[in-house]
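The values are calculated or read from the model by the stated rules, or taken from the named source; none is laboratory data. All values derive from a computational prediction rather than experimental measurement. Counting neighbours? That spans all protein chains shown, and the Cβs are built from the backbone with ideal geometry, glycine included. The protein model used for the area step is the full one, side chains on, heavy atoms only, and it has no ligands, DNA or RNA in it. Shrake-Rupley method; radii C 1.70, N 1.55, O 1.52, S 1.80 Å.
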Amino acid sequence: MKFNETLSNTKFLYNVYTAQGIVILVASFLGITKDKFLIEQDFKELGEEKDQLYLNLLKSKLNPHFLLNTLNNIYSKSFNPSENTSESILQLSRLLQYVIYDTNKEKITLMQEFSSIKSLIGLYQLKYNNLLDINFKIEDEETLELIEVPPSVCLTLFENALKHSAVGIEDDSFIRVYYKVENQEFLFEIKNSVARNRNLIGNFNDNGLGNEAVISILEKYYPERFTFISEEIENNTYETMLKIKL
């Protein structure tokens, strides 16, 4: 169809179609921009929900069966009160305080995080009459109140070692925990034995999700500033190593 601009009706239709085209283009642009914003917002919210799910997962890692067994042990020993009974109650109280209060914070000091690990070690030692081969070595202890980390990260890594080492179940089982600060870098390292009879410790593969959650939290708080290694090394030993640049 050939338009003749000398004709008033043809020019009028030409202007109408041009105006309609501009309106459609603008509306389409606004619609695409709105959809893009909504998609980005949903993606952001999903990312935050995923991080929160991971945090909740770490907070729930403390085995409820262990807590229940500990309470039952304390109850059975309460008929013949001893120093161990009082110590068990104290360690359990500290651990529950950590679970109820500290895990709800965005970050806590290493002193608080390590205190929960020591309380967990104390309860296990009391359960096995202090015969477990668990060693927790801390260098630069004065830095524990100065460095803050997301709660339950170190505790989760220790719990994995506690379970999969078969400590208290198999002979020669052990756990070595090491911490230090060097060259503006925080190092947390765990070496533990690997259970020979993995049926004794249940599903051996469930630690993968725990590590995945830990890595996700580390990526959120320390992007490109951390190193995480979790692997089996020589002599039936497993190593977990976390480095964070401060």
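When only residues in the range 132-152 that are open to solvent by 90 Å² or more (accessible area, probe 1.4 Å) and in contact (Cβ under 8 Å) with a residue 24 or more places away in the chain count, which is nearest to the chain's Cα centre (by Cα)?
Glu148
What's the number of the condition Leu157 fails, among (1) assigned to a loop (DSSP other than H, G, I, E, B); (2) aliphatic (A, V, I, L, M); (3) surrounded by 14 or more Cβ atoms within 10 Å (Cβ to Cβ); (4) on the phi < 0 side of the Ramachandran plot?
(1)
Residues checked against (1) modelled with pLDDT under 90; (2) surrounded by 15 or more Cβ atoms within 10 Å (Cβ to Cβ):
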position	(1), (2)
Phe79	yes, no
Asn84	yes, yes
Leu90	yes, no
Leu95	yes, yes
Ile117	no, yes
Ile121	no, yes
Asn130	yes, no
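For the range 163-193, enumerate the residues that are at negative phi and in contact with a helix residue (DSSP H, G or I) (Cβ under 7 Å, 6 or more places away or on another chain).
Lys163, His164, Ile169, Ile175, Val177, Val181, Phe188, Ile190, Asn192
Of the residues Arg196, Arg225, which single one is out of contact with any His (no Cβ under 7 Å at 6 or more places or on another chain) and modelled with pLDDT of 85 or more?
Details: Arg196 fails: modelled with pLDDT of 85 or more.
Every option except Arg225 fails the conditions.
Of the residues in the range 216-236, how many are among the polar types (S, T, N, Q) and under 16 Å from Phe158 (Cβ atoms)?
Just the residues of the range 216-236 that are among the polar types (S, T, N, Q), to begin with: 216, 227, 230, 235-236.
Still in the running and under 16 Å from Phe158 (Cβ atoms): 230.
The qualifying residues number 1.
Give the residue that is surrounded by the fewest Cβ atoms within 10 Å (Cβ to Cβ), with candidates limited to residues of the range 97-108 that are under 11 Å from Ser152 (Cα atoms) and not charged (D, E, K, R).
Applying the filter and picking the extreme gives Asn104.
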